[in-house]
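Notes to accompany the following structure.
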Amino acid sequence: MSSTKREASPLAVTDNAGNETPSKRARLDDSAAAPAATAPEAAAAAAASASSAIAVQSGPSTPAPAPAATKELKLEGDKAGTDSPSAGKGKRGGRGGARGGKQDRRGSGRGGGRGGGNGRRDGAAGGGREDRGEGAEGAGAGDGDDKKDKLPKRKVAVLLGYNGIGYKGSQVNPGMETVEGEVFKAFAKAGAISDDNSTNPQKVSLARAARTDAGVHAALNVLALKLILSPPSKAPETSLEDHLNAFLPPAIRVWSVLRVQGSFDPRRLCDQRQYEYTLPTHVLLGPKPSSPMGQMLARSRAELASSTPPGAIQQASDSFWAAQPAESSFGDDVQAKKAWRITPEGMAQAREFLSAYEGSHNFYNFTVGKDFRDRSCQRVMRKLELSEPIVVNDTEYVSVTFIGQSFMLHQIRKMIGLFILALRSSTPASLVPETFGPSRIHVPKAPSLGLLLVAPHYVEYNRRVVEANAKLDQLIQAGRLTPDAAEEQRRAEIDPKKVEGMEAKVDEFKRKQVYERMWQVEEEGLTFSKWLNYLDQFVGADFEYLNPKGVIPSSATFTKGENPERPRQAAAAAGGAALQPQEAESDDEGVAGEDDG
């Protein structure tokens, strides 16, 4: 650049011809005038620039120019890759240096440098745009004072199972004990998450396939995040899964860690989710005739006289309560109920009701905070199945399997809640289509204890992975790609059947950590019996939709803006008041209407 247009800055770097490079000048303090550069200083700067061939950026502006010796030391520091301004401050460097990017927000330059290598999608060396320069932790960036080498991290899918008892839901929630919070801390202790990233899950892009309520379990859930796959503390002969499990409690297990495509989103790419709800069959018996719920149902049957004969479950309920003493206690009633067994006719009645849920419907009555016109409430239930009953500790249980595209907050628990209330009141399945209409009703959610996320399914994503892997094989055969390079780009399907030994481990976990603990909690705490006893003490018109005709009377509906939960809690009799804290603990910490269990 011609010197007639601008005098050289005393801190600017010059090229071999003595010309100043404008983009590499330091910003001068506005309050101080800079003296002209001396000949020795200019010569030293030119020699340093020619020998290092790197971009230099000055430090903070000063009232006076730095001595030549100081500048030479700074250049040597930049050459060694230490506390260079382009690495530590996020400002634009020169050729060959990191571009910087939004350093204060991302902690690394975009792409990790112009010549940082490939790996755009999968976080290979150099970072790549998909991983925002995080192919290596702190590579080409950092805080400026951290000089130690950082280990590379890769985007993975973590397949894990957990028992939700004692946790306030699965999703990370500051100040709460959650499953993801436990997992995140364990991964940091295991060295799979660096100290720099251990303070915030967002730094490793943590996401999940499904968020579960407090107390809800998962045989298989999927987390996506960026992990260090070879932490220093892991022994060479130990698998990464075993290494991570050593830092987790027995109620949380990592089944597999799989490399995934850079665009993988565990929630949005999930085609369908499978849940299972286990409940004791005795909850289908009708309420005690002397309870407020029992009296309300008796009045309803008398007012809505129907020629339809009582169903199999109502007949069994009438016989059961006829044999019980009128003044029997709650504990005596529960012990007697445990000996009851559902008949094949009762199972057929239950299956008929569940089948009414199948299809695409507006499930706004089965979540919270949603309006009838909200399109997000339209959900697809692909299949609902009722298992054959089994007996555990003298109590009979059945399980309901849900397979759907996605579920809203509390949806499954409310669907089970209506299922139980309808069968124990002999309400026909014709009620279900009525709940999809504009009449807003109060549907209580069943206890979280019985709900289990079986697995999310990734049919379309797995198809894409198979196609991508097939193309890699073609490139190898054509001699256009080496086997090692192809292996680095190869990804695994998210399918338990494709992971050796995983299905057996999941089944054992379900039996020991989910079912056996679930049965034990119900045996000791009578969770389902207390929940129903609480509802049976309710006094009001909320449940007048439980009737032989399956119609929703206006007295049982709520207008827009009304909260169905508040009238129930305010009108509950004293006998159920003690259970209100238990209900509150069942709420998860998520946002109403998002995909949930």
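Computed quantities for the displayed model
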quantity: Qualifying residue in region 465-482 (condition: touching a strand residue (DSSP E or B) at 6+ places or on another chain (Cβ under 8 Å) and either part of a loop (DSSP other than H, G, I, E, B) or charged (D, E, K, R) (or both)); calculated: no
quantity: One residue from Ala350, Ala339 being under 25 Å from Val521 (Cβ atoms), of a type in the set (A, V, I, L, M) and loosely packed, with under 13 Cβ neighbours inside 10 Å; calculated: Ala339
quantity: Helices (runs of 4 or more DSSP H) lying entirely in region 496-597 (those with 1 or more residues that are modelled with pLDDT under 90 and surrounded by 13 or more Cβ atoms within 10 Å (Cβ to Cβ)); calculated: 565-571, 574-577, 580-585
quantity: Residue among Val466, Val443, Val454 that alone is within 30 Å of the chain's Cα centre (by Cα) and over 30 Å from Lys530 (Cβ atoms); calculated: Val466
quantity: Scan of region 259-287 for residues that are hydrophobic (A, V, I, L, M, F, W, C) and either at positive phi or within 15 Å of the chain's Cα centre (by Cα) (or both), ordered by number; calculated: Phe264, Leu269, Cys270
quantity: Flag if Arg379 is among the basic types (Lys, Arg), crowded, with 20+ Cβ neighbours inside 10 Å and part of a helix (DSSP H, G or I); calculated: no
quantity: Check on Ala356, farther than 25 Å from Pro564 by Cα and among the aliphatic types (A, V, I, L, M); calculated: no
quantity: Close pairs (8 angstrom Cβ cut-off, 6 or more residues apart or separate chains): within 18 Å of Leu279 (Cα to Cα) in region 326-342, at pLDDT 95 or above and hydroxyl-bearing (Ser, Thr, Tyr) anywhere; calculated: Val334/Ser529; Lys337/Ser529; Lys338/Thr395; Trp340/Thr281; Arg341/Thr281; Ile342/Thr281
quantity: Long-range neighbours under 6 Å by Cβ, at least six apart or interchain, first residue surrounded by fewer than 23 Cβ atoms within 10 Å (Cβ to Cβ) within region 414-436, second of a type in the set (Asp, Glu); calculated: Ala429/Glu352
quantity: Single match in Lys185, Lys153, Lys203 (criterion: touching a Lys or Arg at 6+ places or on another chain (Cβ under 8 Å), at pLDDT 50 or above and within 18 Å of Pro231 (Cβ to Cβ)); calculated: Lys153
quantity: Lone unmet requirement of (1) more than 18 Å from Leu284 (Cα to Cα); (2) assigned to a helix (DSSP H, G or I); (3) charged (D, E, K, R) for Lys370; calculated: (2)
quantity: Residue satisfying all of: in region 407-447; in contact with a strand residue (DSSP E or B) (Cβ under 9 Å, 6 or more places away or on another chain) and of a type in the set (Ser, Thr, Tyr); farthest from Gly346 (Cα to Cα) among these; calculated: Ser439
quantity: Hits in region 483-495 (condition: over 24 Å from the mean Cα position of the chain (by Cα) and outside any helix (DSSP H, G or I)); calculated: Arg490
quantity: Candidates Asp242, Asp318, Asp265, filtered to the one that is part of a helix (DSSP H, G or I), surrounded by fewer than 20 Cβ atoms within 10 Å (Cβ to Cβ) and modelled with pLDDT of 95 or more; calculated: Asp242
quantity: Some residue of region 246-256 being buried (at least 19 other Cβ atoms within 10 Å of the Cβ), among the aliphatic types (A, V, I, L, M) and more than 19 Å from the chain's Cα centre (by Cα); calculated: no
quantity: In region 398-413, residue surrounded by the fewest Cβ atoms within 10 Å (Cβ to Cβ) [restricted to those that are at pLDDT 95 or above and small (Gly, Ala, Ser)]; calculated: Ser399
quantity: Filtered residues of region 268-283 (kept if farther than 20 Å from Gln520 by Cα and crowded, with 21+ Cβ neighbours inside 10 Å); calculated: Leu269, Cys270, Arg273, Tyr275
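Residue by residue, here is whether (1) assigned to a loop (DSSP other than H, G, I, E, B); (2) in contact with a Ser or Thr (Cβ under 7 Å, 6 or more places away or on another chain); (3) of a type in the set (D, E, K, R); (4) surrounded by fewer than 18 Cβ atoms within 10 Å (Cβ to Cβ) holds:
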{"position": "Ser290", "(1), (2), (3), (4)": "yes, no, no, yes"}
{"position": "Gln314", "(1), (2), (3), (4)": "no, yes, no, no"}
{"position": "Glu327", "(1), (2), (3), (4)": "yes, no, yes, yes"}
{"position": "Asp332", "(1), (2), (3), (4)": "no, no, yes, yes"}
{"position": "Gly346", "(1), (2), (3), (4)": "no, no, no, no"}
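Yes/no matrix, rows are residues, columns are (1) among the charged types (D, E, K, R); (2) within 30 Å of Phe402 (Cα to Cα); (3) in a strand (DSSP E or B); (4) out of contact with any Gly (no Cβ under 8 Å at 6 or more places or on another chain):
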position	(1), (2), (3), (4)
Val156	no, yes, yes, yes
Asn173	no, yes, no, no
Val183	no, yes, no, yes
Ala188	no, no, no, yes
Thr199	no, no, no, yes
Lys203	yes, no, no, no
Ala218	no, yes, yes, no
Asn221	no, yes, yes, no
Leu229	no, no, no, yes
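The values are calculated or read from the model by the stated rules, or taken from the named source; none is laboratory data. This one's a predicted model, so the numbers in the text were calculated from it and none came from an experiment. Virtual Cβ from ideal backbone geometry, glycine too; neighbours counted across all protein chains shown.
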